[in-house]
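Below: the structure, in structure tokens.
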Amino acid sequence: MYLNNWSKIINTNYFSLRHHSPLPHGRGMGVGLLPSLTGGVWGWVFGLLIFTSCDNFSCPLNNSVESVYAFYAAERDDAGELITGRAVSIGDTLTVRAIDIDSVIANKLINASGMKLPMSYYNETDVLELLFTDTQNRTGRDTLWITKHNQHHWDDPSCAVHIWHTITDLRSTHNLIDTVVVSNPEVNYDGLENIQIYFRTSQESDEEATQE
């Protein structure tokens, strides 16, 4: 699978929060200024046409399409049903790899309470491997399967086309992950949370070991 099938490959542009503050909304990549136009009066006319074609903020500056993940501790009621867990940060080092292109898209996140990840342009399902490494260099792995519908989107005929996504299915392995939930299926550049990952707690692991 070609690299250009992915929105973008990022190794460092992720948020790692020690405090459980709300996820950023709409944070995106900066957009550079237009190059200088030359050519006398025709240059001015051409420049005026460019700025007029994108008037009234029809082309958003904040146009980075990323899926937003948030991390929670899995907590259950007496009936065993998952309840809204508390936000947590992962003490282990977390690396995320896109399996179809065998490329790291999030590299060695530390104390992360969430992450922003690109999605492939045209794959029906993205498969991501989450690798956890603790301070003693012990590792654990989980895999995510994110099935989605991809659609072209533009805010104005004069603006660049972007690929937006609608998540239609989500599943995972359950080594360190307890449950995954789609909180908002629409992946665009609004920066809202899309996926909640609930991790097993040490108390839950101890209870399972006792039952075994």
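Some points to look at:
- Scope the stretch 107-146; condition of a type in the set (S, T, N, Q) and out of contact with any helix residue (DSSP H, G or I) (no Cβ under 9 Å at 6 or more places or on another chain); matching residues: ASN107, ASN111, SER113, THR125, THR133, THR135, GLN136, ASN137, THR139, THR143
- Close pairs from the stretch 107-122: first more than 20 Å from ARG86 (Cβ to Cβ), partner modelled with pLDDT of 95 or more and outside any strand (DSSP E or B), Cβ under 6 Å, at least 6 apart: none
- Residue within the stretch 110-122 that is modelled with pLDDT of 90 or more, of a type in the set (Val, Ile, Thr) and within 20 Å of VAL182 (Cα to Cα) present: no
- Qualifying residues in the stretch 77-87 (those that are within 24 Å of ASP169 (Cβ to Cβ) and in contact (Cβ under 8 Å) with a residue 60 or more places away in the chain) - the one surrounded by the fewest Cβ atoms within 10 Å (Cβ to Cβ): LEU82
- Conditions (1) over 16 Å from PRO118 (Cβ atoms); (2) touching a Phe, Trp or Tyr at 6+ places or on another chain (Cβ under 9 Å); number of the one not met by CYS159: (2)
- Consider the stretch 142-166 and keep the residues that are aliphatic (A, V, I, L, M) and without any contact (Cβ under 8 Å) to a residue 60 or more places away in the chain. The one that is nearest to LEU131 (Cα to Cα) is LEU144.
The values are calculated or read from the model by the stated rules, or taken from the named source; none is laboratory data. As the structure is a computational prediction, the values presented were derived from the model and not from experiment. In this analysis, Cβ positions are derived from the backbone assuming ideal geometry, glycine residues included, and neighbour counts consider all displayed protein chains.
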